[in-house]
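Below is one structure, written out as C-alpha coordinates; the observations come after it.
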Amino acid sequence: MEITIQDKTYKIKYSIRALFIFEQLTGKSFSLDSLMNQYVFFYSMLLANNPECTLTFDQFIDECDEDFTLVTNLQKYITEVFAKQAQLVKADEDSKKK
(Lines give C-alpha, C1' and ligand atoms only; values in the text may rest on other atoms or scores of the structure.)
Protein backbone atom coordinates (compact mmCIF):
# COMPACT_ATOMS: atom_id res chain seq x y z
CA MET A 1 0.00 0.00 0.00
CA GLU A 2 1.11 3.56 -0.62
CA ILE A 3 0.03 6.82 0.97
CA THR A 4 0.81 10.41 0.09
CA ILE A 5 1.71 12.97 2.72
CA GLN A 6 2.84 16.49 1.83
CA ASP A 7 3.16 15.54 -1.86
CA LYS A 8 5.47 12.63 -1.01
CA THR A 9 4.54 8.99 -1.54
CA TYR A 10 5.35 6.49 1.19
CA LYS A 11 5.18 2.70 1.21
CA ILE A 12 3.10 1.17 4.01
CA LYS A 13 3.47 -2.48 4.89
CA TYR A 14 2.68 -4.62 7.92
CA SER A 15 6.05 -6.11 8.88
CA ILE A 16 8.11 -7.40 11.74
CA ARG A 17 10.22 -4.24 11.49
CA ALA A 18 7.06 -2.16 12.06
CA LEU A 19 6.28 -4.25 15.15
CA PHE A 20 9.81 -3.68 16.46
CA ILE A 21 9.53 0.07 15.90
CA PHE A 22 6.15 0.12 17.66
CA GLU A 23 7.68 -1.59 20.70
CA GLN A 24 10.67 0.76 20.67
CA LEU A 25 8.42 3.83 20.53
CA THR A 26 5.95 2.69 23.17
CA GLY A 27 8.19 0.63 25.45
CA LYS A 28 5.57 -2.12 25.59
CA SER A 29 4.47 -5.22 23.72
CA PHE A 30 2.53 -4.79 20.50
CA SER A 31 -1.18 -4.22 21.01
CA LEU A 32 -3.79 -2.18 19.20
CA ASP A 33 -6.01 -1.86 22.27
CA SER A 34 -6.17 1.93 22.20
CA LEU A 35 -6.50 4.71 19.67
CA MET A 36 -3.02 5.95 20.55
CA ASN A 37 -1.53 2.52 19.88
CA GLN A 38 -3.26 2.39 16.49
CA TYR A 39 -1.78 5.72 15.42
CA VAL A 40 1.67 4.82 16.76
CA PHE A 41 1.48 1.59 14.77
CA PHE A 42 0.47 3.42 11.58
CA TYR A 43 3.46 5.70 12.13
CA SER A 44 5.66 2.66 12.83
CA MET A 45 4.69 1.13 9.46
CA LEU A 46 5.59 4.43 7.82
CA LEU A 47 9.03 4.51 9.46
CA ALA A 48 9.73 0.80 8.92
CA ASN A 49 9.24 0.96 5.18
CA ASN A 50 10.66 4.39 4.45
CA PRO A 51 14.08 4.76 6.09
CA GLU A 52 14.50 8.20 4.52
CA CYS A 53 11.33 9.48 6.23
CA THR A 54 11.92 12.59 8.32
CA LEU A 55 8.27 13.11 9.24
CA THR A 56 7.84 13.44 13.01
CA PHE A 57 4.96 11.78 14.85
CA ASP A 58 3.38 15.20 15.44
CA GLN A 59 3.57 16.01 11.73
CA PHE A 60 2.03 12.63 10.93
CA ILE A 61 -0.84 13.28 13.35
CA ASP A 62 -1.35 16.75 11.85
CA GLU A 63 -1.67 15.14 8.42
CA CYS A 64 -4.15 12.59 9.79
CA ASP A 65 -6.20 15.44 11.27
CA GLU A 66 -6.25 17.27 7.95
CA ASP A 67 -6.98 14.27 5.73
CA PHE A 68 -9.17 11.70 7.44
CA THR A 69 -9.09 9.47 4.35
CA LEU A 70 -5.47 8.79 5.29
CA VAL A 71 -6.60 7.21 8.56
CA THR A 72 -9.50 5.39 6.91
CA ASN A 73 -7.16 3.85 4.33
CA LEU A 74 -4.66 2.78 6.99
CA GLN A 75 -7.42 1.22 9.11
CA LYS A 76 -8.81 -0.61 6.08
CA TYR A 77 -5.35 -1.90 5.17
CA ILE A 78 -4.60 -3.24 8.65
CA THR A 79 -8.06 -4.84 8.90
CA GLU A 80 -7.41 -6.66 5.62
CA VAL A 81 -3.99 -7.83 6.81
CA PHE A 82 -5.42 -9.21 10.05
CA ALA A 83 -8.26 -10.93 8.16
CA LYS A 84 -5.73 -12.66 5.87
CA GLN A 85 -3.68 -13.74 8.88
CA ALA A 86 -6.79 -15.19 10.53
CA GLN A 87 -7.58 -17.14 7.38
CA LEU A 88 -4.06 -18.56 7.27
CA VAL A 89 -4.22 -19.59 10.93
CA LYS A 90 -7.60 -21.26 10.37
CA ALA A 91 -6.34 -23.08 7.27
CA ASP A 92 -3.30 -24.28 9.22
CA GLU A 93 -5.47 -25.50 12.09
CA ASP A 94 -7.83 -27.26 9.66
CA SER A 95 -4.92 -29.01 7.93
CA LYS A 96 -3.62 -30.28 11.29
CA LYS A 97 -7.02 -31.79 12.12
CA LYS A 98 -6.93 -33.99 9.02
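Just a few scattered comments:
- Cβ-Cβ FRET estimate between Ser31 and Ala91, R0 fixed at 35 Å, reported to 0.05: 0.90
- Links that overshoot a 26 Å alpha carbon limit, given the list Lys13/Lys90; Lys8/Lys84; Lys8/Lys76; Lys11/Lys84: Lys8/Lys84
- Average accessible surface area per residue within the chain, 1.4 Å rolling probe, Å²: 67
- Sulfur and carbon atoms: percent of accessible area, the chain [1.4 Å]: 52
- Under Karplus coefficients 6.51, -1.76 and 1.60, residue-wise ³J(HN,Hα) of the stretch 62-77 in Hz, glycine/proline x: 4, 5, 5, 5, 7, 10, 5, 5, 4, 5, 4, 5, 5, 5, 4, 4
- Full-extension gain in nm, Ile61 to Lys84, via 0.36 nm per residue minus C-alpha separation: 5.5 nm
- Here is the list for the chain: GluC sites (Glu not before Pro) lying in DSSP coil, each with at most 16 other C-beta atoms within 10 angstrom of its C-beta, are Glu52.
- Structure-derived Rg/Rh (Cα atoms, Kirkwood Rh) - corresponding label in [x] 0.97; [y] 0.94; [z] 1.04: [z]
- Taking 0.36 nm per residue of sequence separation and removing the Cα-Cα distance, the Thr72/Phe20 pair yields an extension gain of 16.4 nm.
The values are calculated or read from the model by the stated rules, or taken from the named source; none is laboratory data. This structure is a prediction, so every number in the text was calculated from the model and none was measured. So basically every Cβ, Gly included, is an ideal-geometry build from the backbone, and we count neighbours across all protein chains shown. All accessible areas refer to the heavy atoms of the entire protein, side chains included, with ligands and DNA or RNA removed. Shrake-Rupley method; radii C 1.70, N 1.55, O 1.52, S 1.80 Å.
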